[in-house]
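Take a look at the structure set out below.
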Amino acid sequence: MGIGLTHFLILSGILFSLGIFGIATRKNAILVLMSLELILNSANINFVAFSRFGGVNIEGQIAALFVIVLAAAEVAVALAIVLNIYQNYHHVNVDEINQMKG
Amino acid sequence: MNTLELVFYLFAFIVVLSAMGVVFSRKLMYSAFSLLFTFFGVAGLYAVLNADFLAVVQIMIYVGGILVLIIFGVMLTSKVTGVDIVSGGTGKTLYIGSTVVSAAMLFFLTYLYNTVNWHLPEVTKYSETSLDAIGNLLLTKYVLTFLVAAILLLIAFIGAALIARKGN
């Protein structure tokens, strides 16, 4: 048997679990963002795999394209917020940030 | 084992190994550079899946845009230059708990993907290049989504510039 849908799905499952692990265990906000990118990439792999094997044709790729656009917008805003947090707290550890107004 | 399988396993290996590097590496800069290889590996997987346009977009936006932004973020949120920025963990119990949870999630997902009987039609005609079809669909069926995404990007970047400004 060749490379089928399941191969890609399991790969994206591994990527997703690694992303969840990174979000849950790391303190640094930038690393949490990186893990988030891993999760978005795993979702994208699923979209494209289903567009290739599942008969969704090209529309799966378009969904993946919009996910990439959203990821770009998300990371820009999130990094701006992280920079602001750094100005107020002088660190970016997500478990020690507990004030709404710094 | 034919060439396609070989290429798939090569890229899958790169993706998994570098994603583990992102998550497990102690130094933040190493994580950022591991992320580079993850994005390249995912772009290669898109190419394996006949999504050539998406592979190019992945390299241009993720590697050229998002990764540079993240590396800027790493450098701007460190106190001293020349000292490695270390990302600490969140304590032993939470570490073990989240290891268990993510491992359980991995097993559940793998089980699900292996047992579900996906509807797999015979792929009779699949276009050699996806660029024409994507362009056509974006300007006909998905034109509203396309415009909304454009406006969203504009608003997000203006908002990001406003938030990141010093002394607001």
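The values are calculated or read from the model by the stated rules, or taken from the named source; none is laboratory data. Only a predicted model underlies this, so the values are computations on that prediction, with no experimental measurement involved. No Cβ is skipped: glycine too gets one built from the backbone with ideal geometry, and neighbour counts run over all protein chains shown. Remember, those area values only see protein heavy atoms, side chains included, never the ligands or the DNA or RNA. Shrake-Rupley method; radii C 1.70, N 1.55, O 1.52, S 1.80 Å.
Can you work out which of the residues in the range A:69-96 that are of a type in the set (Val, Ile, Thr) and open to solvent by less than 50 Å² (accessible area, probe 1.4 Å) is nearest to B:ALA160 (Cα to Cα)? Walk me through it before giving the result.
Kept after step one, since they are of a type in the set (Val, Ile, Thr), are these residues of the range A:69-96: A:69, A:75, A:77, A:81-82, A:85, A:92, A:94.
Subsequent filtering for residues that are open to solvent by less than 50 Å² (accessible area, probe 1.4 Å) retains A:69, A:75, A:77, A:82, A:85, A:92.
On the way: A:VAL69: 15, A:VAL75: 9, A:VAL77: 5, A:VAL82: 11, A:ILE85: 13, A:VAL92: 17 Å.
If we take residues in the range A:69-96 being of a type in the set (Val, Ile, Thr) and open to solvent by less than 50 Å² (accessible area, probe 1.4 Å), then A:VAL77 is nearest to B:ALA160 (Cα to Cα).
Which of the residues belonging to the range B:134-167 are in a loop (DSSP other than H, G, I, E, B) and more than 7 Å from chain A (Cβ to nearest Cβ)? Working first, answer last.
Initial filter on the range B:134-167 (in a loop (DSSP other than H, G, I, E, B)): B:140-142, B:165-167.
Matches in the range B:134-167: B:THR140, B:LYS141, B:ARG165, B:LYS166, B:GLY167.
If the Cβ limit is 7 Å and pairs must be 6+ apart or interchain, which residue in the range A:49-62 that is in a loop (DSSP other than H, G, I, E, B) pairs with which residue that is surrounded by fewer than 23 Cβ atoms within 10 Å (Cβ to Cβ) and small (Gly, Ala, Ser)?
Final answer for the pair search is A:ILE58/B:ALA133.
Could you tell me how many of the residues in the range A:1-13 are among the hydrophobic types (A, V, I, L, M, F, W, C) and without any contact (Cβ under 8 Å) to a residue 12 or more places away in the chain?
3
Let's see how each residue does on (1) modelled with pLDDT of 80 or more; (2) within 24 Å of the chain's Cα centre (by Cα):
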{"residue": "B:VAL74", "(1), (2)": "yes, yes"}
{"residue": "B:ASP84", "(1), (2)": "no, no"}
{"residue": "B:GLY89", "(1), (2)": "no, yes"}
{"residue": "B:ALA104", "(1), (2)": "yes, yes"}
{"residue": "B:TYR111", "(1), (2)": "yes, yes"}
{"residue": "B:LYS125", "(1), (2)": "no, no"}
{"residue": "B:LEU131", "(1), (2)": "yes, yes"}
{"residue": "B:LYS166", "(1), (2)": "no, no"}
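Before we move on, is B:VAL57 modelled with pLDDT under 90 and either part of a helix (DSSP H, G or I) or under 13 Å from the mean Cα position of the chain (by Cα) (or both)?
When the stated conditions are applied, B:VAL57 does not pass them.
Mind checking which residues of the range A:63-102 are among the polar types (S, T, N, Q) and in a loop (DSSP other than H, G, I, E, B)? Steps first, answer last, please.
The first filter runs over the range A:63-102 and keeps only residues among the polar types (S, T, N, Q), leaving A:84, A:87-88, A:93, A:98-99.
Within the range A:63-102, A:ASN98, A:GLN99 qualify.
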